[in-house]
Amino acid sequence: MSDSATIRRESTGDAALDEILGGGIPTGSMTVVAGTPGSGKTIFALQILFLAARAGKKSIYFTTLSEPAIRVLRYMQQFPFFDLEQIDKNVFFVDLGAAMREGVDATMAQITEYIDRHEPCFVAIDSYRAIGDLLRSPETSRSFTYDLSVQLIASSATTLLVGEYAHAEIGTATELAIADGIIELTTSRDELASIRAVEVVKMRGTGYASGQHFYDITTAGLVFYPRVRASSGDGRARTEADERVSTGIEGLDAKFGGGLPRGSTTVVQGATGAGKTLMAMQFVVDGARRGEPGVFFTLEENVEQLRGHARAVGWDLTELQRAGLLTIAYTSPVELSTDRYLANARALLRSTNARRAVIDSLSTLALGVPSSRRFKELAYALAMHTRDEGITAIMTIESEQLLGSASLWAHGVSFIADNLVQLRYVEVGSCLARAVSILKARGLHHDTGAAALEISSQGLRLAADGFRDFRGVITGLPLQDR
């Protein structure tokens, strides 16, 4: 029997976090929201409470000696989830400071009074750590937390105990042992950047996505991004194995035996200036002209630069954008977060109903990823997602070699490619020409011979006879047959 059949859940208001939690926070559970100061614990709790309030559910937000309720209200008003009309209607702020100075019994009495009076669906205590410090001994703390949990279970309220707990304390604090769930928010440094991570340490009786995931504190509140994982395989489209997609480049479809397989991933590798970006752009432009929406993810050139390159070969990208057939998404590699990038890319592909996609380029994408392993995970996840969605993708990658012996470099991600296309310069006489060859085409009978790539005001085309009288073209050092 599945969790969803036996355990009701409360949405956090963030679809990605609900996914991480296995569908949301179990109804009636007691969950500790742990983290260091500044990690966003208070924002986290209030986002959930105001979401519930808009659905007509009552919540009580207890503040303790750590921060007065009036200060919390003042700072939370800057976020769009905050709704002043819900205060004292569906969200009740209660300051426990005076009761805590009187002692444990007075504190419990005030909590009980408000729960009995309002019968809330949600209760948050911020900071519960302050109550733990007041209780001092582990025995008293355990007894108080147990009595509180019994009270809350009787009321069926879903409870968030917010507190400043260091990671090392998670295994020792008594309230964390009693709690049904533990959600840890952390902030760490990665060179000059701050990395915010969320981890579900514990969620009793339910499945969840283990490991660290990531989040940002934005003007809208906390936004979560599930960590890069293998595709769930629940894609919206399944395609026939023999369905082909035109590249839009004269001569290239024939080399693939009729075009690219629908849902496949093609990596285009080549030296700088060899024509990788134009080849990928012609692919999405051709799709747009056929009524297939496409997304061009760029990390090197912004939208205006790409429009300028397109105009030079006779393409009006602005017209295609206005028609909703082409979306250009620029991301600076300096500000790139692996999991955020994947989450945003998946959302954009679905919202635009994309049938074609380009990542330009994997080389620049690697600059924004902290490790080689994380980069390969991201590239793999992108390829698997587009495949599951029936999206045909091209990913460009730069090779370091300009001329000379051929090599399969591809930044260690050639394994993700169904097809691998090599663009290279060849020296013909005293001039440089461009050559195209297919190094890999999974499951396809394809032409492995090199063809000349011509770039004109009409775009790209292959001239099959461009190297008819030469051998050694693929090595980059052709010799003319005598």
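Of note:
- Of everything in region 444-473 that is of a type in the set (Lys, Arg) and either modelled with pLDDT under 70 or not assigned by TED's automatic domain parsing to the domain that holds LEU306 (or both), the residue that is farthest from MET279 (Cα to Cα) is ARG471.
- Count of residues meeting criterion [among the basic types (Lys, Arg) and not in a helix (DSSP H, G or I)] in region 46-84: 2
- Screening VAL150, VAL104 for residues that are touching a helix residue (DSSP H, G or I) at 6+ places or on another chain (Cβ under 9 Å), in the same structural domain as ALA55 (by TED's automatic domain parsing) and surrounded by fewer than 20 Cβ atoms within 10 Å (Cβ to Cβ) leaves exactly one candidate, VAL104.
- Count of region 54-71 residues which are crowded, with 18+ Cβ neighbours inside 10 Å and under 20 Å from GLY13 (Cα atoms): 4
- The numbered conditions (1) buried (at least 23 other Cβ atoms within 10 Å of the Cβ); (2) outside any helix (DSSP H, G or I) are all true for GLU400 except (1).
- Total residues in region 73-88 satisfying the condition of being surrounded by 15 or more Cβ atoms within 10 Å (Cβ to Cβ) and more than 19 Å from LYS58 (Cα to Cα): the figure is 1.
- The set of residues in region 389-410 being more than 17 Å from GLY275 (Cβ to Cβ) and at pLDDT 75 or above consists of GLU389, GLY390, ILE391, THR392, ALA393.
- One residue stands out among those in region 411-443 that are among the hydrophobic types (A, V, I, L, M, F, W, C), under 26 Å from ALA383 (Cβ atoms) and surrounded by fewer than 19 Cβ atoms within 10 Å (Cβ to Cβ): the one that is modelled with the highest pLDDT, which is LEU439.
- Evaluation of THR239 against (1) crowded, with 16+ Cβ neighbours inside 10 Å; (2) out of contact with any helix residue (DSSP H, G or I) (no Cβ under 6 Å at 6 or more places or on another chain); (3) at pLDDT 90 or above (one fails), failing number: (3)
- Test: residue in region 355-368 that is over 29 Å from VAL426 (Cα atoms), surrounded by fewer than 22 Cβ atoms within 10 Å (Cβ to Cβ) and assigned by TED's automatic domain parsing to the domain that holds LEU278: yes
- Of the candidates ASP126, ASP95, the single residue that is surrounded by 14 or more Cβ atoms within 10 Å (Cβ to Cβ), among the charged types (D, E, K, R), in contact (Cβ under 8 Å) with a residue 60 or more places away in the chain and in contact with a helix residue (DSSP H, G or I) (Cβ under 7 Å, 6 or more places away or on another chain) is ASP126.
- Residues in region 355-391 that are charged (D, E, K, R) and either assigned to a helix (DSSP H, G or I) or within 21 Å of LEU306 (Cβ to Cβ) (or both): ARG355, ARG356, ASP360, ARG373, ARG374, LYS376, GLU377, ARG387, ASP388.
- For region 268-294, a residue qualifies if it is at pLDDT 95 or above, in a loop (DSSP other than H, G, I, E, B) and either touching a strand residue (DSSP E or B) at 6+ places or on another chain (Cβ under 7 Å) or β-branched (Val, Ile, Thr) (or both), and exactly one does: GLU292.
The values are calculated or read from the model by the stated rules, or taken from the named source; none is laboratory data. The model shown is predicted, which means the values in this text are computed figures rather than measured ones. Here the Cβ is made from the backbone with ideal geometry for all residues, glycine too, and neighbour counts use every protein chain on show.
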